[in-house]
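These notes are about the structure you will find just below.
The values are calculated or read from the model by the stated rules, or taken from the named source; none is laboratory data. Quick caveat, the model's predicted, so the values are computed rather than measured. Here the Cβ is made from the backbone with ideal geometry for all residues, glycine too, and neighbour counts use every protein chain on show.
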């Protein structure tokens, strides 16, 4: 029976592969949709106006906090919430947020696949069982725990 020889990679080749994967993701349909949505948002005067108003009110809150005028802050926070609600009803903003979510899900999926595959490869290469997520290395008996034999020979 022929034993399977696993190839080992050095740090730099792993990083290089990660850069290639990053380039694939950067050129994905999800990222392209994100760029288009961002372009639409940048060109929309109403959206930009609402964003500017929110930023101005956030700066106002920082100034109020600095001068310890805390009593005025809740009213400004309500105004920010109302502006944010208005912003969130705009279809291109909803599209933009969806594209952000799609990219995030893609990145989480890639991360999960990598982590699961690395774990599976470690388990299999040690003679373990991936079904039980258990390596093939013998386990030491925890100290103070007997095997139930009571001193059998």
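Criterion first (closer than 30 Å to residue 124 by Cβ and surrounded by 11 or more Cβ atoms within 10 Å (Cβ to Cβ)) does residue 110 satisfy it?
Against the criterion (closer than 30 Å to residue 124 by Cβ and surrounded by 11 or more Cβ atoms within 10 Å (Cβ to Cβ)), residue 110 qualifies.
Read through the list (1) out of contact with any helix residue (DSSP H, G or I) (no Cβ under 7 Å at 6 or more places or on another chain); (2) modelled with pLDDT of 90 or more; (3) not assigned by TED's automatic domain parsing to the domain that holds residue 52, then give the number of the only condition that residue 85 fails.
Result: residue 85 passes all but (3).
Inspect the stretch 58-73 for any residue being surrounded by 12 or more Cβ atoms within 10 Å (Cβ to Cβ), under 29 Å from the mean Cα position of the chain (by Cα) and either part of a helix (DSSP H, G or I) or at pLDDT 95 or above (or both) and give the result as yes or no.
Scanning the stretch 58-73, I find at least one residue that is surrounded by 12 or more Cβ atoms within 10 Å (Cβ to Cβ), under 29 Å from the mean Cα position of the chain (by Cα) and either part of a helix (DSSP H, G or I) or at pLDDT 95 or above (or both), so the answer is yes.
For (1) assigned by TED's automatic domain parsing to the domain that holds residue 98; (2) closer than 30 Å to residue 110 by Cβ; (3) outside any helix (DSSP H, G or I); (4) touching a residue at least 40 places away in the same chain (Cβ under 8 Å), each residue gets a yes or a no:
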{"residue": "22", "(1), (2), (3), (4)": "yes, yes, no, no"}
{"residue": "25", "(1), (2), (3), (4)": "yes, yes, no, yes"}
{"residue": "34", "(1), (2), (3), (4)": "yes, yes, no, yes"}
{"residue": "39", "(1), (2), (3), (4)": "yes, yes, no, no"}
{"residue": "49", "(1), (2), (3), (4)": "no, no, no, no"}
{"residue": "52", "(1), (2), (3), (4)": "no, no, no, no"}
{"residue": "55", "(1), (2), (3), (4)": "no, no, no, no"}
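When you scan the stretch 1-19, do you find a residue that is part of a helix (DSSP H, G or I) and closer than 20 Å to residue 103 by Cβ, even just one?
Yes, because at least one residue in the stretch 1-19 is part of a helix (DSSP H, G or I) and closer than 20 Å to residue 103 by Cβ.
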